[in-house]
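Trainee: I am attaching a structure below and will ask some questions about it afterwards.
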Amino acid sequence: MIDKTQYGAIPYSSTTMALINMLHHWYSGTDGNGSTVRTILFDYRKAFDFIDHEILINKVCRLNIPRSIINWIIDFLSNIIQRVKLPEDCYSEWGSVPSGVPPGTNLGPWLFILMIQDLDIDSPYLWKFVDDTTASELLPKGSVSKAQNIVDRVTQWSDENRVQLHPDKCKELRITFSKNPSVLDPLIVDLKEIEIVDNVKLLGVTMSSDLTWNVHIEEVLKKANERLYFLVQLKRAKVPLKELVLFYTTCIRSVIDYAIPAFYHALSKYLKKELVRLEKRAIAIMNPGTHYDVASDVLNMRLIEDHHDLLCSRLFDNMMRDANHKLAELLPPLYSSHHDLRKERKFNVPCTFTNRARNSFVFAMAAKV
């Protein structure tokens, strides 16, 4: 029932999978061929507040689901009223709510998913994460861009469904490694040019037009270093070591772990050392005098590089085991040979021309197994 471009609020899916899918196509599409990837990030103005109940109910009624569930959704959206609390115990009059879904409900994201279900474009590169919509055009060198058609289609769908795009917050990220990049016309939404950016926050990760990760890691380290202050305070309060380790892994290292499989293999040695350096600081706070090489045994904690390798391996193992996995279609074809090789290969990994493509999650992991 849910289209395969949707990654948000559905079981066995995540922002990490959406990012891996995006980066896989971007790395492959620009692998030493001079192509340009035009990526448009669409932003909706108060997306959940502008869901038209009549349009949504019509879409729900066309789904192959029990009538009792349809009636339940209709009842959920019917007779919603609200008022505004003003200062000094003063309230506005009650008014009906003809659009939107009550905030903070579990059903809200699902209703928006059903609302945006029929949004499609003339491009295989479309990713939805509830109300975050991202589309890309792969433009071979010397070709004519049709990215404006993608923008026009999304704009048309938005008008038909009474959902408002926010032109000032829509962004374009251009990815190219050509020495002579193509000169491209700006994209227009509601008579306004979409801003072209070198760095943009996408599903919680800062993407750069050169597909490097310095900016993102810098932001992550800044956030994690700020939280080290609380670790220091807990240490001064004589919190047990076990609890300190728990705080570090759940509140500090989790910041670094976010979506790490999507770009871990593409990190330079320098950036990986920066992550290790932060962990060494944390260990020095939790248990002063502990050498980093033995910290894993002393603190009963997997060190950060081993931890990230494990996160990548678990995700890739799930891809191999589950034929219905969201990323299973990205796996290279299985390798078959009639000869006995010293090192068995499971996948026939395509030949790549750049380290960027070679270090993408799928190709890097497929080359290991």
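The values are calculated or read from the model by the stated rules, or taken from the named source; none is laboratory data. All of these numbers come straight from a predicted model, not from anything done at the bench. Glycine also receives a Cβ, built like all others from the backbone with ideal geometry; neighbour counts cover every protein chain displayed. Keep in mind that these areas ignore ligands, DNA and RNA; they rest on the heavy atoms of the full protein, side chains included. Shrake-Rupley method; radii C 1.70, N 1.55, O 1.52, S 1.80 Å.
Trainee: Which Cα, out of Val101, Tyr125, Val60, lies furthest along the positive dipole direction of the range 60-162 (beta carbon charges, K/R +1, D/E -1)?
Mentor: Looking along the dipole axis, the top candidate is Tyr125.
Trainee: Turning to a different aspect of this structure: Pick from Ser92, Ser178, Ser336 the residue whose mean-square fluctuation is largest in a GNM of the chain, springs joining Cα atoms under 10 Å.
Mentor: Of Ser92, Ser178, Ser336, the most mobile in the Gaussian network model is Ser92.
Trainee: Within 10 Å, count the other beta carbons around each residue, average over each peptide in 227-238, 191-202, and list them highest first. Mind showing how you got there, number by number?
Mentor: Numbers: 227-238: 12.4, 191-202: 14.7.
Highest-to-lowest ranking by the protection proxy: 191-202, 227-238.
Trainee: Could I ask something else about it? Calculate, for the chain, the solvent-accessible area per residue in square angstrom, rolling a 1.4 angstrom probe over the heavy atoms of the protein chains.
Mentor: For the chain, the per-residue accessible area is 55 Å².
Trainee: Are any of the pairs Lys201/Lys368; Lys85/Lys128; Lys280/Lys346 more than 32 Å apart by Cα-Cα distance, and if so, which?
Mentor: Lys85/Lys128; Lys280/Lys346
Trainee: Right, another one. What do the square roots of 5 times the Cα gyration tensor eigenvalues come to for the range 1-129, in whole Å, largest first, as semi-axes of the equivalent ellipsoid?
Mentor: Semi-axis lengths for the range 1-129 are 36, 20, 12 Å.
Trainee: Amide H to amide H under 5 Å from Glu195: which residues, 5+ apart in sequence or cross-chain, H placed 1.01 Å off N in plane?
Mentor: Glu172
Trainee: For the chain, report the % of Cα-Cα distances exceeding 37 Å.
Mentor: Beyond 37 Å sits 35 percent of the P(r) for the chain.
Trainee: For a protection proxy built on the mean count of beta-carbon atoms within 10 angstrom, sort 158-168, 20-30 highest first, please.
Mentor: 20-30, 158-168
Trainee: Another question about this same structure. At 222 nm, what helix-only mean residue ellipticity would the chain give, in deg cm²/dmol to the nearest 500, using -39500 (n - 2.57) for each DSSP H run of four or more?
Mentor: For the chain, the value works out to -12500 deg cm²/dmol.
Trainee: Tell me, what % of the accessible area of the range 1-114 is carbon and sulfur with a 1.4 angstrom probe? Intermediate results must be reported in sequence, preceding the final value.
Mentor: Working: 3320 of 6100 Å².
Answer for the range 1-114 is 54 percent, counting heavy atoms of protein chains only.
Trainee: Quick one: if you stick a label point 7 Å off each Cα along the C-beta vector at Arg45 and Tyr292, how many nm between them?
Mentor: Using points 7 Å along Cα→Cβ, the separation is 5.1 nm.
Trainee: Whole-Hz ³J(HN,Hα) for each residue in the range 248-258, computed from phi via Karplus 6.51 cos²θ - 1.76 cosθ + 1.60 with θ = phi - 60°, x for glycine and proline: what do you get?
Mentor: Working through the residues one at a time gives 4, 5, 8, 10, 10, 5, 4, 5, 6, 5, 4 Hz.
Trainee: If you put +1 on each Lys and Arg Cβ and -1 on each Asp and Glu Cβ, how big is the dipole of the chain around its Cα centre, in Debye rounded to 20?
Mentor: That gives a dipole near 1460 debye.
Trainee: Suppose every K and R has +1 on its Cβ and every D and E has -1 on its Cβ; what is the size of the dipole of the range 122-229 about the Cα centre, in Debye to the nearest 20?
Mentor: 320
Trainee: At what distance in nm do the modelled label points of Cys61 and Val369 sit from each other, each positioned 7 Å from its Cα along Cα→Cβ?
Mentor: Reported label-point gap for Cys61 and Val369 is 4.7 nm.
Trainee: On to the next question. Hey, could you grab the Kirkwood Rh for the range 164-256? Inverse mean 1/r over distinct alpha carbon pairs, Å, one decimal. Please list the in-between numbers first.
Mentor: Numbers: mean 1/r = 0.0600 Å⁻¹.
One decimal place: 16.7 Å for the Kirkwood radius.
Trainee: By average Cβ neighbour count within 10 Å, what is the ranking of 10-16, 212-218 from highest down?
Mentor: With the highest mean Cβ count within 10 Å placed first, the list reads 212-218, 10-16.
Trainee: Still on this model: Would you list, by chain and number, the aspartates and glutamates whose Cα falls below 15 Å from the Cα of Lys223, excluding same-chain residues fewer than 8 positions away?
Mentor: Straight-line reach from Lys223, under 15 Å: Asp257, Glu274, Glu279.
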